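Trainee: Pasting a structure below so you can have a look.
The values are calculated or read from the model by the stated rules, or taken from the named source; none is laboratory data. Because the structure is a prediction, the values reported are computed rather than measured. Note that we place each Cβ from the backbone using ideal geometry, even for glycine, and neighbour counts take in every protein chain shown.
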Amino acid sequence: MYGVKRGVLITFEGVECSGKSTQAKALARWLAEKDLPHIFVRDPGTTQIGENIRKILLNPRLGNMHAKCEVLLFLAARSQLTYEKLLPAIREKQIVVCDRFADSTYAYQTYARNLPARLVAVFNRFAAAGIKPDLTFLVDIDVAAAQKRGVGGDRMEAEKTEYHERVRDGYLKLAHRAKKRIRVLDGTLPVEALHQQVVAAAGDLLLRKGYRL
Ligand SMILES: Nc1ncnc2c1ncn2[C@@H]1O[C@H](COP(=O)(O)OP(=O)(O)O)[C@@H](O)[C@H]1O
Ligand SMILES: [Mg+2]
């Protein structure tokens, strides 16, 4: 790993059933095949504390959760993930593949739930210790098409279709503002075609950062 100064963070974003986890796991497998040092994590989750918070967040019986409580729980899980996993991995020059991260908070809570943007952005940075993804894949798909792939039973998935459409719009708006960092992928493409695009972009980044592929 000659030339590598610090690890990198690659995140996957998108609406429910867009194919994020499929692509994130495929990238992690590709890194494993190449013997590149990496970890695969999910947000919220991965840490013991984060997985417990995740259960509360996704519990469909807790449908009366206030939007403020929701965002603070997501950020609580993210801060634990950041300090327990991400910061040490980045320090150790590992490649971190993360299924969702801070952009989800913008799309789901700020944009789709109308929480105050500046305030949430400050707390989002606070939770993530200012870490920004080096590369983000936004797996973009029409909400109706995504919903055909799976019937969502968890608290977030149970939200109305209009809510998920706002989430998609929020993501696209963000991608428009951060063209260099966020790659928008056409989520209707076959899994393998998407994987080739992911590997091409991630490979470019890793070479630039000094990894040998
Ligand atoms: N590109 C694709 N084309 C068709 N089906 C897909 C594609 N990617 C994923 N799927 C399927 O859609 C469902 C949701 O995929 P998943 O990766 O779990 O989505 P997410 O993590 O975004 O919720 C799974 O059944 C998966 O096999
Ligand atoms: Mg998933």
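Trainee: Just to check your reading of the model, which residue among Leu62, Leu27 is in contact (Cβ under 8 Å) with a residue 24 or more places away in the chain and under 28 Å from Lys173 (Cα atoms)? Write out each step before concluding.
Mentor: On the way: Leu62 fails: under 28 Å from Lys173 (Cα atoms).
Only one candidate qualifies: Leu27.
Trainee: Next question, about the same structure. Identify, from the list Leu205, Leu189, Leu194, the residue that is within 16 Å of ligand 2 (Cβ to nearest atom), modelled with pLDDT of 95 or more and either under 28 Å from Leu75 (Cα atoms) or not hydroxyl-bearing (Ser, Thr, Tyr) (or both). Give the steps one after another, and end with the answer.
Mentor: Values: Leu205 fails: within 16 Å of ligand 2 (Cβ to nearest atom); Leu189 fails: within 16 Å of ligand 2 (Cβ to nearest atom).
Being within 16 Å of ligand 2 (Cβ to nearest atom), modelled with pLDDT of 95 or more and either under 28 Å from Leu75 (Cα atoms) or not hydroxyl-bearing (Ser, Thr, Tyr) (or both) holds for just one of Leu205, Leu189, Leu194, which is Leu194.
Trainee: Quick one: which of Asp35, Asp43 is closer than 27 Å to Gly203 by Cβ, within 13 Å of ligand 2 (Cβ to nearest atom) and either in contact with a Phe, Trp or Tyr (Cβ under 6 Å, 6 or more places away or on another chain) or not aromatic (Phe, Trp, Tyr) (or both)?
Mentor: Working: Asp35 fails: within 13 Å of ligand 2 (Cβ to nearest atom).
Going through Asp35, Asp43 in turn, the sole match is Asp43.
Trainee: Could you list, in sequence order, the residues of the range 1-27 that are farther than 10 Å from Asp99 by Cα and within 13 Å of ligand 2 (Cβ to nearest atom)?
Mentor: Val15, Glu16, Cys17, Ser18, Gly19, Ala26
Trainee: If Gln197 passes every condition in (1) free of Cβ contacts under 8 Å to residues at least 24 places away in the same chain; (2) in a helix (DSSP H, G or I); (3) over 26 Å from Ile95 (Cα atoms) but one, which one does it miss?
Mentor: Only one criterion in (1) free of Cβ contacts under 8 Å to residues at least 24 places away in the same chain; (2) in a helix (DSSP H, G or I); (3) over 26 Å from Ile95 (Cα atoms) is unmet by Gln197, namely (3).
Trainee: Val4 fails exactly one of the following numbered conditions: (1) outside any helix (DSSP H, G or I); (2) under 11 Å from the mean Cα position of the chain (by Cα); (3) not basic (Lys, Arg). What is the number of that condition?
Mentor: (2)
Trainee: Please go through (1) of a type in the set (A, V, I, L, M); (2) assigned to a helix (DSSP H, G or I); (3) within 18 Å of the chain's Cα centre (by Cα) for Met156 and return the number of the only condition it doesn't satisfy.
Mentor: (2)
Trainee: How many residues are buried (at least 16 other Cβ atoms within 10 Å of the Cβ) and either of a type in the set (A, V, I, L, M, F, W, C) or in contact (Cβ under 8 Å) with a residue 60 or more places away in the chain (or both) if we restrict to the range 157-171?
Mentor: Qualifying residue count, the range 157-171: 6.
Trainee: Just the residues that are near ligand 1 (Cβ under 8 Å from one of its atoms) and buried (at least 18 other Cβ atoms within 10 Å of the Cβ), please, taken from the range 18-34.
Mentor: Hits for the range 18-34 are Ser18, Gly19, Lys20, Gln23, Ala24.
Trainee: Residues to consider are His66, His38; find the one that is touching a strand residue (DSSP E or B) at 6+ places or on another chain (Cβ under 6 Å) and of a type outside the set (Asp, Glu). Steps first, please.
Mentor: On the way: His66 fails: touching a strand residue (DSSP E or B) at 6+ places or on another chain (Cβ under 6 Å).
Within the list His66, His38, the selection yields His38.
Trainee: Identify, please: which residue in the range 184-209 is buried (at least 19 other Cβ atoms within 10 Å of the Cβ) and away from ligand 1 (no atom under 14 Å from the Cβ) and is, among those, nearest to Arg29 (Cα to Cα)?
Mentor: Ala202
Trainee: Does the range 115-164 hold any residues that are of a type in the set (Phe, Trp, Tyr) and under 15 Å from Lys20 (Cα atoms), and which are they?
Mentor: Going residue by residue through the range 115-164, those that are of a type in the set (Phe, Trp, Tyr) are 123, 126, 137, 163.
Phe137 - this is the single residue of the range 115-164 that is of a type in the set (Phe, Trp, Tyr) and under 15 Å from Lys20 (Cα atoms).
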